[in-house]
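Here's the structure we're looking at; comments come further down.
Derivation of every value follows stated rules applied to the coordinates shown; laboratory data play no part. This structure is a prediction, so every number in the text was calculated from the model and none was measured. We place every Cβ from the backbone using ideal geometry, glycine too, and count neighbours over all the protein chains shown.
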Amino acid sequence: MPLHKVYAALEAKGWKLCRDETGDRYARLILPDRGAELICDLPHGRQFRCCWSVSDETFTRACDHIHEGFGFPVFLEQWQQIASLDDIEGTIKAGTEWALSRDMQALIRCLADAPTNLPGLAALMHLASLAVLGRSDTLKDYRSTFATGDRLGMPPYIKEDYLDRTIEFAENMKSGG
């Protein structure tokens, strides 16, 4: 199934086509209290597949404040195989319903309660979730531990300035921001 047909079906349903920094295409739909994305992939010689993601505005702002340009953070649904254009219509409907049914606060609390040694971008999302929940005391403890040389198992890209920005966002959230 050609990707241009998938993208045309998405545009017909109100999705905006976008490209990330590497040129990969995805589609975004802004819903009343959150945004949803559909990442499409057609591996060479393989069947078309897609993956849904969802986030809310506050969590997205937190991620961008901590790591400028991070963009749209994701709470992912598993990759799904799509066999035909008829399937994509059902997938668009099911994905939109999936995005609307996610309990964003529960997802954020789950990430906040996760261990600090999460790999890759999940570590940034852990910090952002703590910030959204206003858990500045926890973040200050992280910063103190970092100052002793213990990185809490976080990836090397997480630096003390990330923690400073995370604490700043958390303090703003605590004061009603």
Notebook entry, point to check: Which value in nm describes the separation of the simple spin-label points at K5 and E89, placed 7 Å from the Cα toward the beta carbon?
Noted result: 1.2 nm
Next item on the list: Take W52, W98 and order them by how many other Cβ atoms sit within 10 Å, fewest up front.
Entry: W98, W52
Margin query: With the crude spin-label approximation of a point 7 Å out along Cα→Cβ, what separation in nm comes out for D161 versus D103?
Written below: 3.8 nm
Check: Once you put a point 7 Å from the Cα of F70 and another 7 Å from the Cα of I30, both along the Cβ direction, what distance in nm separates them?
Finding: 2.0 nm
Notebook entry, point to check: Per the helix-only calculation at 222 nm, which mean residue ellipticity applies to the chain, given -39500 (n - 2.57) for every DSSP H run of n ≥ 4 and division by its residues, nearest 500 deg cm²/dmol?
Noted result: -15000 deg cm²/dmol
Check: Can you give the extra length, in nm with one decimal, that the chain gains between D20 and D137 once fully stretched, where that is 0.36 nm per residue apart less the Cα-Cα distance?
Finding: 38.7 nm
Check: Can you sort D87, D103 by how many other beta carbons sit within 10 Å, fewest first?
Finding: D103, D87
Margin query: Give me L111, L127 sorted ascending by neighbouring Cβ count inside 10 Å, so fewest comes first.
Written below: L111, L127
Next item on the list: Compute the acute angle (0 to 90°) between the alpha-carbon long axis of helix 57-66 and the principal axis of greatest extent of the alpha-carbon atoms of the chain; round to the nearest 10°.
Entry: 60 degrees
Checklist line | Answer label for Rg/Rh (Cα atoms, Kirkwood Rh) (calculated), chosen among [x] 1.07; [y] 1.03; [z] 0.98 | finding: [y]
Next item on the list: Please find, in a Gaussian network model of the chain (springs between Cα atoms separated by less than 10 Å), the residue of E21, E97, E11 whose mean-square fluctuation is greatest.
Entry: E21
